[in-house]
1. Could you rank the peptides 18-26, 69-77, 98-106 by their average count of other C-beta atoms within 10 Å per residue, with the highest value first?
2. Show me, for region 45-56, the HN-Hα J-couplings you get by feeding each phi into the Karplus relation (A = 6.51, B = -1.76, C = 1.60, θ = phi - 60°), rounded to Hz, glycine and proline as x.
3. Are there any GluC sites (Glu not before Pro) in region 34-105 that are in a DSSP loop and have at most 10 other Cβ atoms within 10 Å? List them by number.
4. Run the dipole for region 66-113 about the Cα centre, Lys and Arg Cβ at +1, Asp and Glu Cβ at -1, nothing else charged, and hand back the magnitude in debye, nearest 20.
5. Report ³J(HN,Hα) in whole Hz for each residue of region 83-93, in order, from the Karplus equation J = 6.51 cos²θ - 1.76 cosθ + 1.60 where θ = phi - 60°; Gly and Pro get x.
6. So what J values fall out for region 94-107 if you push phi through Karplus, 6.51 cos²θ - 1.76 cosθ + 1.60 with θ = phi - 60°, rounded to Hz, Gly and Pro as x?
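Just so it is clear, none of the values below were taken in a lab; they were calculated from the coordinates. All figures in this text were calculated on a predicted structure; none of them were measured in a lab. For neighbour counting, all protein chains shown are included, and Cβ atoms are generated from backbone atoms with ideal geometry for every residue, glycine included.
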Amino acid sequence: MGSEQSGRLAAAAESDTFGADIAGYAVDHVFGDIWTREGLDQPRRSLITMTIMVALRQPHEFGLHMNFALDHGMPLREIEEALIQMLPYVGFPAISSVMPVATKIVAERGLDKKTDYAGHRGLL
């Protein structure tokens, strides 16, 4: 997880606001117990999670994990290739559901200087 996102999650877990306990479980169990295990590096964990989020049509969570993967050094080309690999298994509508988030991240990070992302809605 990127430092900005982990800081926000940790702050939410330590607060006394609604949802603090849920954030605490995420910090302790998901990112503590699961993400710190040996056997997979952080970019691969993010890639696996992105794949799941596409299949579940969860664009917000996809975007979080796309940012995590990029923060941990995964090349944008590998993320795009993973989306292409998913196409025959999850279908165009599932890929299309995350494309607005993905293209926004690409634009915000300045990763593709050739494409005008203004008003880009994704795949279709």
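1. So the order, starting with the most tightly packed, is 98-106, 69-77, 18-26.
2. The phi angles translate into 4, 5, 4, 4, 5, 4, 4, 5, 5, 5, 4, 8 Hz.
3. Hits after loop and neighbour filter: Glu38.
4. Working: 4 positive and 6 negative charges, 23 e Å.
The calculated dipole for region 66-113 is roughly 120 debye.
5. For region 83-93, the Karplus curve yields 4, 5, 4, 6, 3, x, 9, 10, x, 4, x Hz.
6. 3J(HN,Hα) across region 94-107, in whole Hz: 5, 5, 4, 5, 9, 4, x, 5, 4, 5, 5, 4, 4, 5.
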